[in-house]
Amino acid sequence: MDVFGALSGDTKDPSSSGRDFDRQFQALVPSGASKGDYEAIELRDDNKDVYGGKGVETAVHNVENVLGPALIKAKLDVATDLKKIDALLREVDGSKDKSKLGANAILGISMACARAGAAARGVPLYEFLREESGSKKPYVMPVPFFNVLNGGVHSGNTMAFQECMIAPVGARSMAHAVQMGSEVYQELKKVLTKAFGPTATGIGDEGGFAPPISQPHEALDLLVTAVENCGYTGRIKFAIDPASSEFYRGGEYDLGFKGKTSEKYTGEKLGDLYRQLLDRYPIILLEDPYAQDDWPSWTAFNKTCPVELVGDDLLATNVDRIEEAEEKTACNSLLLKINQIGTITEALSAAKMAYELGWSVFVSHRSGETTDDFIADLTVGLRTGHLKSGSPCRGERVAKYNRLMDIEDEIKASGAEVMYAGVELRTIHSA
Ligand code: PGA
Ligand code: ZN
């Protein structure tokens with residue numbers, strides 16, 4: 001999926017301002033295996049003979065022959081006009097969901113223009129994005145949520161829940177958080193080898209292990225052991241993304257959807273399971289516990305939910321969906337995926353709206369990621385306090401963590417204030 005999803009948004013000489021621009025700015029666009037129904041549309045070629053119909057020749061054509069020329073003709077300035085650039089891209093596409101020219105075509109250009117804009121202003125990308133978001137607050141390094149056990153449609157085991165994450169809230173810094181996460185990941189490998197043999201350490205789409213387990217408590221018990229063996233109990237918390245839209249069938253949730261026998265749960269019964277898990281394990285965040293159209297279950301669960309309740313497929317980084325969720329008191333946190341909406345400006349607007357509602361914002365990669373590290377700068381620029389980018393394993397996941405450690409070093413070296421979000425990860429954006 002990485003290769004199929006990658007699209008170079010090359011904006012050579014994007015400025016009309018007379019500045020000396022001979023640099024090229026590129027961007028890679030990701031894709032997801034568990035896409036939601038309300039996401040902007042990623043254009044794939046219909047030609048089944050090439051890449052099994054997953055090619056992006058049409059999207060590339062649209063960049064080169066439609067969007068690119070329109071942008072050059074408009075003579076906008078990347079240093080100051082990102083909003084206008086993104087508005088123009090949307091206008092040229094003309095559809096509500098970017099299905100005409102492709103959200104993948106549009107986003108590549110939007111990201112590359114943000115990079116060009118940062119260069120034109122002479123600031124790092126995270127600073128450019130902070131300025132675009134209208135903030136002047138000090139930088140905050142996010143708590144990285146490492147998805148170390150993969151299930152759902154991201155792996156070949158029979159675990160219904162897609163992601164089990166560890167979050168080093170007790171680290172001293174970004175670099176320390178990466179160290180703690182990596183140590184637990186390597187320890188988990190040993191624990192799995194001991195419990196199931198070496199074949200259990202194969203990995204899923206996001207670099208987490210995919211052992212032969214099916215129940216969430218089995219996964220969480222393994223995490224407890226690995227964290228304990230590393231001496232990090234209390235300093236590393238957990239998070240779950242069941243990605244439940246994937247196993248919602250006819251009004252019920254089938255936790256056996258990957259096995260031979262179904263395990264049907266009503267929304268209420270699934271709520272009981274979540275509450276048991278929250279009681280038993282140090283879970284601080286729950287994402288997409290219910291399906292994207294199951295509003296009543298979201299609202300009912302949110303009434304007594306003691307942890308961060310994140311909408312991914314539910315919200316699709318879309319302000320209309322965020323508004324609807326607020327009306328229905330469905331959740332209290334936005335998962336921010338730039339390719340769900342298709343321009344950087346709209347992603348910033350979604351984050352702004354979430355903050356205004358008193359929610360938190362959790363920046364996310366995709367299962368079909370690329371080595372592009374844009375979201376590392378985005379999470380610092382928006383002061384989101386946390387992000388998820390998979391395991392400390394595989395280049396496309398590690399690229400973001402490496403970039404975050406570089407950013408931390410760079411800010412420190414500049415003498416500017418930088419803190420690690422730690423246990424304040426949900427609220428630090430407003431501090
Ligand atoms: P996806 O998974 O990229 O396959 O959608 C990530 C998530 O559900 O958070
Ligand atoms: Zn999700």
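The values are calculated or read from the model by the stated rules, or taken from the named source; none is laboratory data. It should be emphasised that the depicted structure is a prediction, and the values quoted were computed from it without experimental measurement. Cβ: placed from backbone, ideal geometry, glycine included. Neighbour counts: every protein chain shown.
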(request) Specify the residue that is nearest to ligand 1 (Cβ to nearest atom); the eligible residues are those in the range 150-168 that are in contact with a Lys or Arg (Cβ under 7 Å, 6 or more places away or on another chain) and over 23 Å from GLU183 (Cα atoms). (result) ALA160
(request) Among residues belonging to the range 364-386 that are away from ligand 2 (no atom under 16 Å from the Cβ) and assigned to a loop (DSSP other than H, G, I, E, B), point out the one that is surrounded by the most Cβ atoms within 10 Å (Cβ to Cβ). (result) LEU382
(request) Kindly establish whether SER349 is in contact (Cβ under 8 Å) with a residue 24 or more places away in the chain, more than 30 Å from ASP221 (Cα to Cα) and surrounded by fewer than 24 Cβ atoms within 10 Å (Cβ to Cβ). (result) yes
(message) Residues that are modelled with pLDDT of 95 or more, touching a Ser or Thr at 6+ places or on another chain (Cβ under 8 Å), more than 16 Å from ligand 2 (Cβ to nearest atom) and within 15 Å of PRO142 (Cβ to Cβ): does the range 340-350 have at least one?
(response) no
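Quick grid of which residues meet (1) within 24 Å of the chain's Cα centre (by Cα); (2) crowded, with 22+ Cβ neighbours inside 10 Å:
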{"residue": "GLY234", "(1), (2)": "no, no"}
{"residue": "LEU255", "(1), (2)": "yes, yes"}
{"residue": "SER262", "(1), (2)": "no, no"}
{"residue": "GLY267", "(1), (2)": "no, no"}
{"residue": "LEU277", "(1), (2)": "yes, no"}
{"residue": "ALA291", "(1), (2)": "yes, yes"}
{"residue": "TRP298", "(1), (2)": "yes, yes"}
{"residue": "PRO306", "(1), (2)": "yes, no"}
(request) Could you check how many residues of the range 189-225 are in a strand (DSSP E or B) and more than 22 Å from LEU286 (Cβ to Cβ)? (result) 1
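When you look at ASN229, is it touching a helix residue (DSSP H, G or I) at 6+ places or on another chain (Cβ under 6 Å), of a type outside the set (A, V, I, L, M, F, W, C) and either away from ligand 2 (no atom under 16 Å from the Cβ) or at pLDDT 95 or above (or both), yes or no? I'd like the intermediate steps shown before the answer.
Working: touching a helix residue (DSSP H, G or I) at 6+ places or on another chain (Cβ under 6 Å): yes; of a type outside the set (A, V, I, L, M, F, W, C): yes; either away from ligand 2 (no atom under 16 Å from the Cβ) or at pLDDT 95 or above (or both): yes.
Criteria met by ASN229.
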(request) Please state which one of ALA413, ALA431 is surrounded by fewer than 24 Cβ atoms within 10 Å (Cβ to Cβ), farther than 21 Å from ASN150 by Cα and out of contact with any helix residue (DSSP H, G or I) (no Cβ under 8 Å at 6 or more places or on another chain). (result) ALA413
(message) Please go through the range 410-431 and give me each residue that is assigned to a helix (DSSP H, G or I) and either in contact (Cβ under 8 Å) with a residue 40 or more places away in the chain or of a type in the set (A, V, I, L, M) (or both), ordered by number.
(response) GLU410, ILE411, ALA413, GLY422, VAL423, ILE428, HIS429, SER430
(message) Of everything in the range 192-212, what is surrounded by fewer than 23 Cβ atoms within 10 Å (Cβ to Cβ) and more than 16 Å from ligand 1 (Cβ to nearest atom)? Give them in sequence order.
(response) THR193, LYS194, ALA195, PHE196, GLY197, PRO198, THR199, ALA200, THR201, GLY202, PRO212
